[in-house]
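First up is the structure itself, then whatever we jot down about it.
The values are calculated or read from the model by the stated rules, or taken from the named source; none is laboratory data. Quick caveat, the model's predicted, so the values are computed rather than measured. Every residue, glycine among them, receives a Cβ derived from its backbone with ideal geometry; neighbour counts consider all protein chains shown. In case anyone asks, the SASA skips ligands and DNA or RNA and just uses the protein heavy atoms, side chains included. Shrake-Rupley method; radii C 1.70, N 1.55, O 1.52, S 1.80 Å.
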Amino acid sequence: MEFMPAGELLGATTRVRTLTIRGAPSLPDGSYSLLDCYCTDPACDCRKTMIQVHHERRFVSMISFGWESAAYYSTWYGAPCDEQTIREMQGPSIDISSPDRVPRQAMLAFFTSILDDDYRQHFRVQYIRFKTALQAPGSARILNAARARIAGSSNRRRNEPCSCGSGRKFKICCGRGI
């Protein structure tokens, strides 16, 4: 499965949630941006969001969030699942691909503390919007262009729009410090 930031396909209508933390015992002070990413396989119905967490523009954690029931994920998986697998598929968990530049448990506690009904609904709505956009004519071209931009982000021009979908210039977003 490949996950891509929602902004790559949905454009500037995508919300990036940014919060500031001060005085947390296990997380560094500063600005944290949470960027939703969705599965690019049109046939997949995983109903999951991968949330890239950036601290001061540096990718520090990857959270997997599934909002459906354990029964849904067990059926979707297509094979018997142990409790650990179900726990990782349903609700929030730190993904295996996370760079873990901040403590896993602290990041999970932080995310869980901001996960209210509105935020859950946001993920459901964005998932539907993203999956619908995947079916639109020209979406393959847009995805391929986005993949090329992401792969070549180190060669990205500083004044181009950032590929994360924030609407900011690359030099003041994900390219900061490059």
Where residues in segment 110-147 are of a type in the set (Gly, Ala, Ser) and in contact with a Ser or Thr (Cβ under 8 Å, 6 or more places away or on another chain), which of them is farthest from residue 66 (Cα to Cα)?
-> 146
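Okay, residues lined up against (1) among the aliphatic types (A, V, I, L, M); (2) under 18 Å from residue 7 (Cβ atoms):
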residue	(1), (2)
118	no, no
132	no, yes
138	no, yes
143	yes, yes
147	no, yes
In segment 133-167, anything surrounded by fewer than 12 Cβ atoms within 10 Å (Cβ to Cβ) and either modelled with pLDDT of 70 or more or polar (S, T, N, Q) (or both) is listed as 135, 136, 137, 138, 141, 144, 148, 154, 155, 159
Among helices (runs of 4 or more DSSP H) lying entirely in segment 1-115, which contain 1 or more residues that are among the acidic types (Asp, Glu), open to solvent by 70 Å² or more (accessible area, probe 1.4 Å) and modelled with pLDDT under 90?
-> 83-89
